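A.B. asks: Let me begin by handing over the structure; questions about it come next.
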Amino acid sequence: MTNRQIQLARRPTGAASADDFRLVETPAPEVADGQVLVQVEYLSLDPYMRGRMDDRRSYAEPQKLDAVMTGVGVGKVIASKHATLAVGDEVVGTFGWQTLALSNGRGVRKVDTTHVPLRAYLGPLGVPGISAYYGVHRICRPKAGETVVVSSAAGAVGSIAGQLAKQAGCRAVGIAGGAAKCRHVVEELGFDACVDYKAGNLAADLKAATPQRIDADFENVGGEVLDAVLRRMNAFGRIALCGMVAGYDGADVPLHNARSLLTNRLKLEAFIITEHLDVWPEAIAALAPGVASGAIKYRETIAEGLENAPQAFLGLLAGRNLGKQLVRLA
Ligand SMILES: NC(=O)c1ccc[n+]([C@@H]2O[C@H](COP(=O)([O-])OP(=O)(O)OC[C@H]3O[C@@H](n4cnc5c(N)ncnc54)[C@H](OP(=O)(O)O)[C@@H]3O)[C@@H](O)[C@H]2O)c1
């Protein structure tokens with residue numbers, strides 16, 4: 001049995017490219033006392049990985065060169081010398097971009113797949129869904145009748161955030177790239193409106209979609225999208241700063257309307273969801289029934305095979321995904 005992994009071959013200068021990655025094959029690792037071997041079934045691709053490819057100070061260490069790319073996955077334990085994890089257990093953990101992962105069990109969670117597929121723990125019941133829950137309920141705290149804007153609304157996090165705002169009785173307005181994504185956001189996800197930021201009339205279209213202006217913003221994008229939102233905020237509005245994907249793949253995108261933070265007395269709070277583990281059980285318990293019943297809608301874009309992970313990752317940064325971007329490994 002061999003392990004296949006994707007390593008970081010070099011740091012990008014400007015936008016990332018397929019040449020920044022390298023596929024290697026190594027023998028299957030030996031399992032020592034206290035360890036498990038996991039066959040990774042699905043790998044999650046996430047925008048934050050682009051930031052880790054650069055050597056710059058952040059909330060996490062940069063990705064090491066010539067080492068397996070970091071990433072969360074789900075899979076099955078296929079060998080165990082561990083006290084509490086047994087062969088056959090379905091697990092989620094930071095297994096990296098590889099088909100076989102050796103682990104001492106730290107950070108590896110057994111999950112219940114009675115009512116939901118295993119890969120839902122990478123989407124609506126994983127980091128994206130829990131981030132949406134945290135940003136909406138702990139930071140935006142929307143009241144019925146308010147207007148909540150969600151950027152990257154057709155993506156893994158945004159799609160759930162907008163549905164949670166709707167559940168809270170709000171007007172949910174998405175921002176997404178392209179007419180097809182916007183149709184999906186309104187017709188399938190149930191947002192009240194969606195603005196196509198690529199159509200060239202962002203400010204005017206956002207104004208039309210938010211007649212009562214904006215009370216809360218779930219921000220995934222930054223740059224011109226956040227600037228347009230800042231211009232429409234009501235006094236004492238809240239901004240949950242979840243991500244700034246517009247500036248990940250190259251240079252940071254400047255912000256021009258920061259003055260609105262002061263003139264509208266806004267509260268802006270950024271968060272990294274792995275620093276709020278206390279909220280995970282509550283969020284999963286709140287989201288799971290809707291995910292199981294289909295009341296919470298979510299989409300996945302699934303690339304086939306580890307060798308296609310780099311292209312799928314570049315596609316994610318370019319907006320070619322609808323919903324959660326995954327790679328099927330087994
Ligand atoms: N704080 C946390 O703990 C945490 C946890 C998870 C995710 N996040 C952040 O949440 C955001 C969404 O993550 P996700 O996993 O759900 O990814 P996603 O939204 O499913 O995928 C990324 C999307 O970003 C959009 N995008 C790329 N470049 C853009 C640009 N220049 N302007 C506007 N949109 C652009 C694309 O959608 P379009 O086609 O609509 O452009 C693309 O589909 C990211 O910023 C991520 O870093 C944060």
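The values are calculated or read from the model by the stated rules, or taken from the named source; none is laboratory data. If you're wondering where the values come from, they're calculated on a predicted model, not measured in any experiment. Note that each Cβ is placed from the backbone with ideal geometry, even for glycine, and that neighbours are counted across all protein chains shown. Side chains are part of the model used for accessible areas, which takes the heavy atoms of the whole protein and leaves out ligands, DNA and RNA. Shrake-Rupley method; radii C 1.70, N 1.55, O 1.52, S 1.80 Å.
A.B. asks: So which residues in the range 307-328 are outside any loop (DSSP other than H, G, I, E, B) and within 7 Å of the ligand (Cβ to nearest atom)?
C.D. replies: Passing the criteria: Leu316, Leu317, Gly323, Lys324, Gln325.
A.B. asks: Just to verify a result, which residue in the range 142-197, among those that are basic (Lys, Arg) and out of contact with any helix residue (DSSP H, G or I) (no Cβ under 9 Å at 6 or more places or on another chain), is least open to solvent (accessible area, probe 1.4 Å)?
C.D. replies: Only one residue fits best here, namely Lys181.
A.B. asks: Same structure, new question: Quick one: in the range 30-52, of everything that is open to solvent by 20 Å² or more (accessible area, probe 1.4 Å) and assigned to a strand (DSSP E or B), which residue is nearest to the ligand (Cβ to nearest atom)?
C.D. replies: Of everything passing the filter in the range 30-52, Tyr42 is nearest to the ligand (Cβ to nearest atom).
A.B. asks: Is it the case that some residue within the range 248-258 is more than 10 Å from the ligand (Cβ to nearest atom), over 25 Å from Gly315 (Cα atoms) and buried (at least 23 other Cβ atoms within 10 Å of the Cβ)?
C.D. replies: No: the range 248-258 contains no residue that is more than 10 Å from the ligand (Cβ to nearest atom), over 25 Å from Gly315 (Cα atoms) and buried (at least 23 other Cβ atoms within 10 Å of the Cβ).
A.B. asks: Could you tell me which residue of the range 3-24 is nearest to the chain's Cα centre (by Cα), considering only residues that are modelled with pLDDT of 95 or more and among the β-branched types (Val, Ile, Thr)?
C.D. replies: Per the stated criteria, the residue is Ile6.
A.B. asks: Okay, next question. Inside the range 106-141, can you point out the residues that are within 16 Å of the ligand (Cβ to nearest atom) and either of a type in the set (D, E, K, R) or out of contact with any helix residue (DSSP H, G or I) (no Cβ under 9 Å at 6 or more places or on another chain) (or both)?
C.D. replies: Listed by number, the residues that qualify are Gly107, Arg119, Arg138, Ile139.
A.B. asks: Considering only residues that are touching a strand residue (DSSP E or B) at 6+ places or on another chain (Cβ under 8 Å) and open to solvent by 70 Å² or more (accessible area, probe 1.4 Å), look in the range 1-29 and name the one that is farthest from Lys81 (Cα to Cα).
C.D. replies: Of everything passing the filter in the range 1-29, Arg22 is farthest from Lys81 (Cα to Cα).
A.B. asks: A further question follows. What are the pairs, 6+ residues apart or on separate chains, where a residue within the range 36-61 that is under 24 Å from Leu241 (Cβ atoms) has its Cβ under 7 Å from a residue that is charged (D, E, K, R) and in a loop (DSSP other than H, G, I, E, B)?
C.D. replies: Matching pairs, first to second residue: Arg50/Asp249; Met53/Arg11; Asp54/Arg11; Asp55/Arg11.
A.B. asks: Related question: Just checking, does the range 219-228 include any residue being over 23 Å from Tyr248 (Cβ atoms) and modelled with pLDDT of 95 or more?
C.D. replies: No, the range 219-228 has no match at all.
A.B. asks: Filter the range 53-81 for residues that are away from the ligand (no atom under 16 Å from the Cβ), assigned to a loop (DSSP other than H, G, I, E, B) and either basic (Lys, Arg) or at positive phi (or both) and give the result.
C.D. replies: Arg57, Lys64, Asp66, Lys81 - these are the residues of the range 53-81 that are away from the ligand (no atom under 16 Å from the Cβ), assigned to a loop (DSSP other than H, G, I, E, B) and either basic (Lys, Arg) or at positive phi (or both).
A.B. asks: Related question: Can you tell me which residue is farthest from Ser44 (Cα to Cα) among those in the range 76-93 that are β-branched (Val, Ile, Thr) and open to solvent by 40 Å² or more (accessible area, probe 1.4 Å)?
C.D. replies: Thr84
A.B. asks: Every residue in the range 267-282 that is among the β-branched types (Val, Ile, Thr), outside any loop (DSSP other than H, G, I, E, B) and either free of Cβ contacts under 8 Å to residues at least 40 places away in the same chain or open to solvent by less than 60 Å² (accessible area, probe 1.4 Å) (or both), please.
C.D. replies: Hits for the range 267-282 are Ile273, Val279.
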